Amino acid sequence: MKICVCIKEVPDSDVPLNNLRIDSNNLKVLPIENISPIVNGFDLNAVELALKFSESIENSTVSIISVGTNLTSDVIKKPIAMGADEIITCDDEKNVNIDVHGTALVLSKLIKKTGPYDIIFSGRHASDFDMATVPFALSEMLSIPILNIVKTIKKEGKKIILERIITDGYQLIESKLPLIITAGNQVGDPRYPTLRGIMGASKKKIINYTLDQLEITSDEIESKVKLENLYFPENENEVEMIQGSDSKDKAIKLISKLKESGII
Amino acid sequence: MKALSIIFNEQENFDDSCLEIFTFIKSLDKKNIEITNLSFGGDKKYISKLPVNKNFYVELSEDNTNQIDILKTIENFLDDNTYDFIIFQKDDFSNYIAPIISYKKNYAYIPDVKQTYSNSLENIKFIRPVHGESAEGIYSVKKNNPIILKIRKNSFEKEFLIPIEKDITELLLDIDKNKSFTIIETFKTKPEGLQLDEAEIVVSGGRGIGGKEGFENIKNLAALLNAAVGASRAAVEAEWIEPGHLVGLTGKWISPNLYLTFGISGASQHLAGCSNSKNIVSINTDPDASIFKYSKFGIVEDCNKFIIDLIEEIKKTS
């Protein structure tokens, strides 16, 4: 079984709000300090799901695919350290302002060039722009059906059986291959890289294709939708901190405040 | 201007938050507006009263409706009809269908729109939160390109239903016989007690609650206030409470009159789901917790101790 996982390098999403700045040239939200980027959290859930699945099937390979500009080698190699087999990128300076449309197009070309794959995994959305669109665009470009927010996947004979998360529950689904799957935190924590994994990853060469090599022009990655500006919304809220001699006193004061303002 | 709303409801139900779509459409263009609605499932008594010019209805027979059949139905519908705008609202079906339809039919696609502004329809801009709600982006679309938008719930006023039932044209679901996947069964695990999106008061616990036992107090307080129980992702991932209680970007989006948080720091992805609450009251040991910036009242205190005192005092006063 040939498997691939699409991952994205994003700014660290755990940086608190007051340590973020807007890069107005490239329209990106970045940490104030020089904090290393990360692999999008849901993409690591997708790597975990892909690795678990590949371990249950003999002769499986897991390829990692990523698109970007000036990718950080140590960051995007994390899935290799976790156990994936190879990493293929389109790291090209012309990708600097690439959006969901361009990303999906480049991913589709990388997948056609290095595939075909039986299953393509990705995170449910990326933590930088929260669009949740690339996997669906990819599904159209590759004419491969998609199932979103999958928690488990297993092979039973020729059938693929999946659990997919829905609001207030889940669905049991039987599917054919090939298939695109998105994953979220329900998969469970991604495994830690082992020391051996980290050593192996550091030696692993990234296979890179430029846009030219993929025969993609700048016009083709241009989107119908344009991000014109980014800003931090003003928060005009003023909190009233309730003081008191102890916890009980504060509880009494809170109740009377809530009653005074007609909230309860 | 021609607009199409696409609405999903469980059979025989009617979620009136879909009425936000019509307020949104009317804000796009004051005059010259023709609204068509395409409803999948739901109570026809209500759907026939939607404030639209043309109304189509597709019956959904069961819980196991496959998105592929809905996609095919919409695709065929759009073969015969074109629109300047197609509007979805955030739900399981729309999250799947809206981006795919945009590619199939060459529409521009912008999800999670919370606001628009323009001096004319041609220069319209759309605002959506990015980076887990910490920032907002302003988007525009190439001239004359039709647009699919998915709007956020609780971001617009609800338009009123019209007082009389008008005609609905019934369409059949196009069943794709060669589907690549089939839904064997759907399992619903609605949380016990009052539902998050229906409650006037929600009481939520986060990492600071410290364990399953702490959630017993959250549940007790919720019962006392006739409130629903919510939780942050940290609490759900630690399995202190079932996933159905999750409030946030990947969980429920709520807008209660009172949102009481215990031990929740206010990560942006949690704020995504609760920032439309009318009054937030937060209890946290950390005076710098970002949830305070969004709260009406804040209390720095050990939340497990405070909740017991609060329960006791409420019992005394009621």
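Worth a mention:
- Within the range A:227-261, tally of residues that are farther than 30 Å from residue B:318 by Cα and either surrounded by fewer than 16 Cβ atoms within 10 Å (Cβ to Cβ) or more than 7 Å from chain B (Cβ to nearest Cβ) (or both): 9
- Selection status of residue B:240, at pLDDT below 90, under 20 Å from residue B:267 (Cα atoms) and in contact with a Lys or Arg (Cβ under 7 Å, 6 or more places away or on another chain): no
- Inter-residue pairs, beta-carbon under 8 Å, first buried (at least 24 other Cβ atoms within 10 Å of the Cβ) and in the range B:253-273, second at pLDDT below 90 and among the basic types (Lys, Arg), 6+ apart: B:273/B:252
- All strands (runs of 3 or more DSSP E) inside the range B:153-250 with 1 or more residues being within 14 Å of chain A (Cβ to nearest Cβ) and free of Cβ contacts under 8 Å to residues at least 40 places away in the same chain: B:181-188, B:228-231
- If you go through the range A:176-228 and keep only what is over 19 Å from the mean Cα position of the chain (by Cα) and among the small types (Gly, Ala, Ser), you end up with A:197, A:200, A:201, A:202, A:218, A:223.
- Verdict on residue A:151 being over 22 Å from residue B:93 (Cα atoms), assigned to a strand (DSSP E or B) and not aromatic (Phe, Trp, Tyr): no
- Filter pass, residue B:164 being modelled with pLDDT of 95 or more and assigned by TED's automatic domain parsing to the domain that holds residue B:20: no
Results for (1) within 18 Å of the chain's Cα centre (by Cα); (2) under 19 Å from residue A:117 (Cα atoms); (3) within 13 Å of another protein chain (Cβ to nearest Cβ); (4) without any contact (Cβ under 8 Å) to a residue 60 or more places away in the chain, shown as yes or no for each residue.
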| site | (1), (2), (3), (4) |
| --- | --- |
| A:3 | yes, yes, no, no |
| A:9 | yes, no, no, no |
| A:14 | yes, no, yes, yes |
| A:19 | no, no, yes, yes |
| A:23 | no, no, yes, yes |
| A:33 | no, no, no, yes |
| A:36 | yes, no, no, yes |
| A:41 | yes, no, yes, no |
| A:47 | yes, yes, no, no |
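- Of all residues making up the range B:126-152, the number that are of a type in the set (D, E, K, R) and either touching a Gly at 6+ places or on another chain (Cβ under 8 Å) or facing chain A (nearest Cβ under 7 Å) (or both): 3
- Positions within the range B:118-135 being over 19 Å from residue B:22 (Cβ atoms) and not hydrophobic (A, V, I, L, M, F, W, C), in sequence order: B:119, B:120, B:122, B:123, B:125, B:128, B:129, B:131, B:132, B:133, B:134
- Residue that is farthest from residue A:263 (Cα to Cα) [pool: residues in the range B:303-318 that are more than 7 Å from chain A (Cβ to nearest Cβ) and either assigned to a loop (DSSP other than H, G, I, E, B) or in contact (Cβ under 8 Å) with a residue 60 or more places away in the chain (or both)]: B:304
- The number of residues in the range B:61-90 that are outside any helix (DSSP H, G or I) and under 19 Å from residue A:172 (Cα atoms) comes to 6.
- Looking across the range A:200-256, just one residue is part of a strand (DSSP E or B), without any contact (Cβ under 8 Å) to a residue 60 or more places away in the chain and under 22 Å from residue A:108 (Cβ atoms), and that is A:226.
- Filtered residues of the range B:115-137 (kept if crowded, with 19+ Cβ neighbours inside 10 Å and not in a strand (DSSP E or B)): B:131, B:132, B:133, B:134
The values are calculated or read from the model by the stated rules, or taken from the named source; none is laboratory data. The shown structure was predicted, so the numbers you read here are calculated from the model rather than taken from an experiment. Don't worry about glycine lacking a Cβ; one is built from the backbone with ideal geometry, like all the others, and counts go over all protein chains shown.
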